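The next block holds one structure in the form of structure tokens; read it before the comments.
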């Protein structure tokens, strides 16, 4: 593609110029805009066609490529390595137990602690020791839009701060609980690194023992959280909301012990996690 180079701040000023090829999109990198040029006009730089990646799905956590689902083939691993040149490639086969300890196979490279950044937040963790799911990004963004400043929020399964950090950034006072001591250590680091320590109380232990008083909102970001729902409901103010995460071929039923607690339910389907299996979030309004 034939282009002219200009400082990126001048991109708007030339968008209606006769020489601009508006059938193509400008490319911006490190403060320089490469603007497509029509045939017959002056150009100074030619860009190679963009090569699209069409291989196995994965996500980058810092410098490490992480795969989930079925075991990848050697060809799929080679394509990821050629495309991203990651420091390591990991296959997360599953997560074990209530502490969500990942069962990880190192496919290439030397794993290390990583710093993952998204939506202006920083998450530090060790992918060999704690679980991380990039698929929760849309739900993190929704929490930031939904939670109101000044709310008292309980994050019953805080992990490394997936929902604690967004809730605190939205202005909530967050009680963050995590059973896994390794994940709890990263939670405390991420609270400090994201500058929300004044709004978060982290505690390590069983959330059923740590819930304290009443909350405007409770986040239950664990797929087995339905077993804890009666405990959560007993600590939610009337008019408050519980966000219950679960997986299955259809949304979970409310346990019989909790019947009558809720006046309304909104159901969101977040992502597919396996054949015929979805990640759901139920927004339960407490009466």
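The values are calculated or read from the model by the stated rules, or taken from the named source; none is laboratory data. Because the structure is a prediction, the values reported are computed rather than measured. Note that we place each Cβ from the backbone using ideal geometry, even for glycine, and neighbour counts take in every protein chain shown.
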- Query: Do you know which of the residues in region 203-214 that are assigned to a helix (DSSP H, G or I) and touching a residue at least 12 places away in the same chain (Cβ under 8 Å) is farthest from residue 97 (Cα to Cα)?
  - Reply: 210
- Task: Hey, can you tell me all the residues within region 133-175 that are assigned to a loop (DSSP other than H, G, I, E, B), touching a residue at least 24 places away in the same chain (Cβ under 8 Å), surrounded by fewer than 24 Cβ atoms within 10 Å (Cβ to Cβ) and over 18 Å from the mean Cα position of the chain (by Cα)?
- Result: 148, 151, 171
- Can you tell me which residues in region 176-202 are surrounded by 17 or more Cβ atoms within 10 Å (Cβ to Cβ) and in a strand (DSSP E or B)? 176, 177, 178, 200, 202
- Task: Those residues that are loosely packed, with under 14 Cβ neighbours inside 10 Å and assigned to a strand (DSSP E or B), I need them from region 54-96; list them, please.
- Result: 94, 96
- Item | Count of residues meeting criterion [free of Cβ contacts under 8 Å to residues at least 60 places away in the same chain and loosely packed, with under 15 Cβ neighbours inside 10 Å] in region 259-279 | 12
- Would region 97-118 turn up any residue that is over 23 Å from the mean Cα position of the chain (by Cα), under 30 Å from residue 191 (Cβ atoms) and loosely packed, with under 13 Cβ neighbours inside 10 Å? yes
- Query: What tally of residues in region 31-59 results from selecting those that are without any contact (Cβ under 8 Å) to a residue 40 or more places away in the chain and touching a helix residue (DSSP H, G or I) at 6+ places or on another chain (Cβ under 9 Å)?
  - Reply: 10
- Task: Determine whether region 114-125 contains at least one residue that is in a loop (DSSP other than H, G, I, E, B), touching a strand residue (DSSP E or B) at 6+ places or on another chain (Cβ under 8 Å) and under 29 Å from residue 206 (Cβ atoms).
- Result: no
- Task: Kindly check whether there is at least one residue in region 211-218 that is modelled with pLDDT under 95, surrounded by 21 or more Cβ atoms within 10 Å (Cβ to Cβ), under 19 Å from the mean Cα position of the chain (by Cα) and closer than 22 Å to residue 248 by Cα.
- Result: no
